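The values are calculated or read from the model by the stated rules, or taken from the named source; none is laboratory data. Please read these numbers as outputs of a predicted model, since none were measured by experiment. Side chains are part of the model used for accessible areas, which takes the heavy atoms of the whole protein and leaves out ligands, DNA and RNA. Shrake-Rupley method; radii C 1.70, N 1.55, O 1.52, S 1.80 Å.
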Amino acid sequence: MLEIRLIVRAAHILAAAAWVGGSILYLVAILPALRSSGPAPAVAAQIAALFRRMVNVCIGVLLLTGAYLMFDRLTQTALGWPYLVVLGLKIAAAIAMYVLAIYLGQSNIRRLAKRSTRLSRAAPQLVLALGIIVFILGALLNGLFEATIAPH
């Protein structure tokens with residue numbers, strides 16, 4: 001059973017790292033490079049499509065592995081309310097990330113129509129900020145879990 005937990009946890013961490021790390025790369029390097037090199041709509045569209053596909057895979061992996069890990073941890077030991085509060089915050093932040101990712105991944109026609117809104121301009125940065133928060137909350141959850149199962 002330990003091997004399954006290790007594989008699921010590794011998949012969860014890798015999917016999260018790919019999404020958050022990819023978002024950093026996209027916002028810090030790819031978008032500025034595309035903007036500075038002049039119009040390249042075909043290249044920008046291809047990059048966006050490939051990134052969207054990767055994010056969709058990451059979301060699927062995160063949902064499946066996250067559900068498994070949550071139920072596995074909640075059934076292993078008596079976790080206190082701090083763990084449950086942090087878990088709730090992590091789930092809320094992750095859901096917000098998923099909603100924003102779906103919003104950003106809408107068809108080109110709807111996305112072009114909404115590009116002028118404040119939310120559509122801030123959504124990529126919000127996804128990244130939420131991703132970093134989710135990572136921090138995940139590390140906190142791990143620490144709380146280990147403190148709960150460690151002998152006193």
> Each residue of the stretch 16-28 in order: what ³J(HN,Hα) in whole Hz does its phi give by Karplus 6.51 cos²θ - 1.76 cosθ + 1.60, θ = phi - 60°, with x for Gly and Pro?
Replying inline: 5, 5, 5, 5, 5, x, x, 5, 4, 4, 4, 6, 8
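Rolling a 1.4 Å sphere over the protein heavy atoms, what is the accessible area per residue of the chain, to the nearest Å²?
The answer is 63 Å² per residue.
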> How large is Rg over Rh for the chain, taking Rg from the Cα atoms and Rh as the Kirkwood inverse mean of 1/r across Cα pairs?
Replying inline: 1.05
> With no solvent and one point on each alpha carbon, what is the Debye value of log10 I(q)/I(0) for the stretch 60-104 at q = 0.13, 0.15, 0.20 Å⁻¹?
Replying inline: -0.34, -0.44, -0.71
> What list of ³J(HN,Hα) values in whole Hz, one per residue of the stretch 58-74 in order, does the Karplus curve 6.51 cos²θ - 1.76 cosθ + 1.60 (θ = phi - 60°) give from phi, with Gly and Pro shown as x?
Replying inline: 4, 4, x, 4, 5, 5, 5, 6, x, 5, 4, 5, 4, 5, 5, 5, 5
